[in-house]
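Please read the structure below before turning to the comments.
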Amino acid sequence: MPTEFAWTDANARRLARNGLTAPARDVSPADVAADMLGAHAQVMAAGEVSLAMRIAGATRTDVQDALWDAHSLVKTHGPRGTVHLLATRDLPMWTGALSGIPRRAGAPAKGKDGRPLLTPEQETEVVAGIGKALAEDELTVDELTEALGGIVGSWAVDPVMDAFQTLWPRWRAATHIAAHAGTLCFGHNRGRKVTYTNPHRWLPGFRPLPAAEAHTALATRYLRAYGPAEPAHFAKWLGAPGGWATELFASLEAAGTLERVTLEGADAWRVTGDGDGGEQEWAPPAPRVRLLPYFDAFGIASHPRALLFPGRAYERALAGGQAGNYPLLLLDGIVGGVWHQRRSGRRIQVTVEPLEPLDAARHAALEEEVARLGRILDGRPELTVGTVAVGPHA
């Protein structure tokens, strides 16, 4: 008979493995990024907070140092094609896995000239050209466009791609594809301008793992961090076709790598034997209060959503069922509200909107959490418990 998991037990394990039960000691930002499978960094400050909050005494400066000085972190396109901070040492797994996911069928996107933005052959040329252009340097978009015109040809830089009421050069349709192939990542900002570089500068000689090996590694690591879970949950987190994820889980189950269990009575999968033998001894009760920033991985990767976002939280803290668009207030490990911060100089106004009244113990824990946020951001926080008027992040 399948092993049965209660939601409270599974969630306690996820919180512990995500560094949310208590901030970890003697770990680096790269260690934390590896354990949680990346920190979403479309909002860069939120990605920095996601990592720092999981490390005792860490600040956003520690994360920035790991990214830009030690290069133990890399800023690149990760799951769902979105910008993430990933452990640099994990690039072989990530690039092998992401470049090996089958693409959803459909007509190719077309440019203003009516032609496909990139044919498969052109895409291959552009990805290789990007790697060559960035091999020894950090280039802005304009500089990379000029370089690709010379390396690949003028067709690659034709301004035909619709974007934000302007037209981008054709090659930009392959930005996340180049990142997944391991030829592009973000470099240092140059003022307000983004730069790109080649991640081989920071992890010389790496190669993407073979797709099958990378998919096995990524699925098992996902289930250790966020399982038990269903193939559909893995697919949604990764931005992959559901049928492909179902086939992957089935093949790993047949090989004995994964086993079927139940989570609150529904079929789910875990790494074989993971959690047997006294699991609860190291998964203590959930923390009274945690503040998760925009797009924190815990809120996005954890399922079922209806259990993590119970009752009113499902409507208030999700945007049309989409997680991440609101910073989350966790109460005893589940979503119990939203919050927002506004900074002016060193002053950080933190407004927290709980969905139920806070007792004295929770209010004290919230004050401690807000004070910790201030230390992470090197600011002076001021807490207001009230309505968050700001809408969801796009």
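The values are calculated or read from the model by the stated rules, or taken from the named source; none is laboratory data. Predicted, not measured: the structure shown is a model, and the values here were computed from it. Positions of Cβ are backbone-derived with ideal geometry, glycine not excepted, and every protein chain shown enters the neighbour counts.
Tabulated values for the structure
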{"read-out": "Residue among His84, His77 that is under 17 Å from the mean Cα position of the chain (by Cα) and surrounded by 24 or more Cβ atoms within 10 Å (Cβ to Cβ)", "value": "His84"}
{"read-out": "Selection within the stretch 146-198 - closer than 23 Å to Gly111 by Cα, free of Cβ contacts under 8 Å to residues at least 40 places away in the same chain and under 25 Å from the mean Cα position of the chain (by Cα)", "value": "Ala163, Phe164, Arg172"}
{"read-out": "Residue count for the stretch 306-323, restricted to those that are at pLDDT below 95 and either under 18 Å from Val49 (Cα atoms) or crowded, with 17+ Cβ neighbours inside 10 Å (or both)", "value": "1"}
{"read-out": "Unique residue being in contact with a Gly (Cβ under 7 Å, 6 or more places away or on another chain), at positive phi and not assigned by TED's automatic domain parsing to the domain that holds Ala323 when the list is Gly78, Gly19, Gly38, Gly57", "value": "Gly38"}
{"read-out": "Residue list for the stretch 325-369, filter: among the hydrophobic types (A, V, I, L, M, F, W, C) and under 23 Å from the mean Cα position of the chain (by Cα)", "value": "Leu328, Leu329, Leu330, Leu331, Ile334, Val335, Val338, Trp339"}
{"read-out": "Residue, modelled with the highest pLDDT, within the stretch 1-60, restricted to residues that are surrounded by fewer than 17 Cβ atoms within 10 Å (Cβ to Cβ) and acidic (Asp, Glu)", "value": "Asp26"}
{"read-out": "Top-ranked residue in the stretch 89-121 [being among the polar types (S, T, N, Q) and surrounded by fewer than 22 Cβ atoms within 10 Å (Cβ to Cβ); ranked as modelled with the lowest pLDDT]", "value": "Thr119"}
{"read-out": "The one condition in (1) over 21 Å from Val63 (Cα atoms); (2) within 20 Å of the chain's Cα centre (by Cα); (3) not in a loop (DSSP other than H, G, I, E, B) that Gly299 fails to fulfil", "value": "(1)"}
{"read-out": "Selection from the stretch 145-204 of residues that are among the charged types (D, E, K, R) and out of contact with any helix residue (DSSP H, G or I) (no Cβ under 9 Å at 6 or more places or on another chain)", "value": "Asp162, Arg190, Arg192, Arg201"}
